[in-house]
1. Can you tell which of GLU105, GLU80 is closer than 19 Å to TRP131 by Cβ and in contact with a Leu (Cβ under 9 Å, 6 or more places away or on another chain)?
2. Go through (1) part of a helix (DSSP H, G or I); (2) closer than 14 Å to SER155 by Cα for SER30 and report which single condition fails.
3. Kindly indicate the residue of the stretch 73-91 that is of a type in the set (A, V, I, L, M, F, W, C) and touching a residue at least 60 places away in the same chain (Cβ under 8 Å) and also surrounded by the fewest Cβ atoms within 10 Å (Cβ to Cβ) among those meeting that condition.
4. Would you mention how many residues in the stretch 109-126 are over 10 Å from ALA77 (Cβ atoms), assigned to a helix (DSSP H, G or I) and of a type in the set (A, V, I, L, M)?
5. Look through ASN94, ASN52, ASN43 and report the one residue that is within 23 Å of the chain's Cα centre (by Cα), outside any helix (DSSP H, G or I) and either free of Cβ contacts under 8 Å to residues at least 40 places away in the same chain or under 28 Å from ASN119 (Cβ atoms) (or both).
6. Got a number for residues in the stretch 48-69 being at pLDDT 85 or above and more than 19 Å from ALA158 (Cα to Cα)?
Amino acid sequence: MTPANHRQEGAVLLVALVMLLVLTLLAVGSMRNVTLETRITANRAQTTKLVNIADAGLREAEFRYYGPGNIADKLTANAENCSSSNTLKTNGVNKPCLLAVVIGERQNFVEKPWDVTSNALTEASQGGLIWMPYRGTEASNATQANDTYDVGWNSLLAGESNTAAVNAEYGMTLEGQGTYFYLNNGKATPKENIAGAGLYLQSTHANIYLGLNN
């Protein structure tokens, strides 16, 4: 009987080692799944944060076109408006940062706003900032600079040229009459150089103007 007992004890040890190995693999797999889910959750939270920050830039870009004032600045690019001195006004009469992009560079501007350089801009918008610093939409509530992200915005006319209205009759464009479509850009990029960590959003809106004298 002794040899048989030795064979049984060896089988029990082998089964125990196999079960231990299986449990170890299950534990390692579970830890990997938890780590992966943690990374996915962190990435989603980061993306949501970037979307909210960049969207805030878009909201200011659009907000700058509200109201009837400064019609000329809303129809023609002016480098002086694309500067840090262009702050929000308490009376609500604000000026946008309207860029004049070379026609041949517009497609690249739409597809790769992060790669736009001064070479894509006409003389009408040279000398100013390409990305305006975010200041919010309330002049009375001064927005502080973000310590972690660079938040910026800009706009350009989305017609066939940098000054064309969509449905204006002959001569009406000179008077600032017609429907004008705008492409707005908002960005949120980390101040630390992290590859692929920035986010850019775009929106469009249309304004109808009755003319510079109305």
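The values are calculated or read from the model by the stated rules, or taken from the named source; none is laboratory data. Please read all numbers here as calculations on a predicted model, not as lab measurements. Cβ sites come from the backbone with ideal geometry, for glycine too, and all protein chains shown count toward neighbours.
1. That would be GLU105, the only listed residue that is closer than 19 Å to TRP131 by Cβ and in contact with a Leu (Cβ under 9 Å, 6 or more places away or on another chain).
2. (2)
3. Result: LEU75.
4. 2
5. So the residue among ASN94, ASN52, ASN43 that is within 23 Å of the chain's Cα centre (by Cα), outside any helix (DSSP H, G or I) and either free of Cβ contacts under 8 Å to residues at least 40 places away in the same chain or under 28 Å from ASN119 (Cβ atoms) (or both) is ASN94.
6. Of the residues in that region, 9 qualify.
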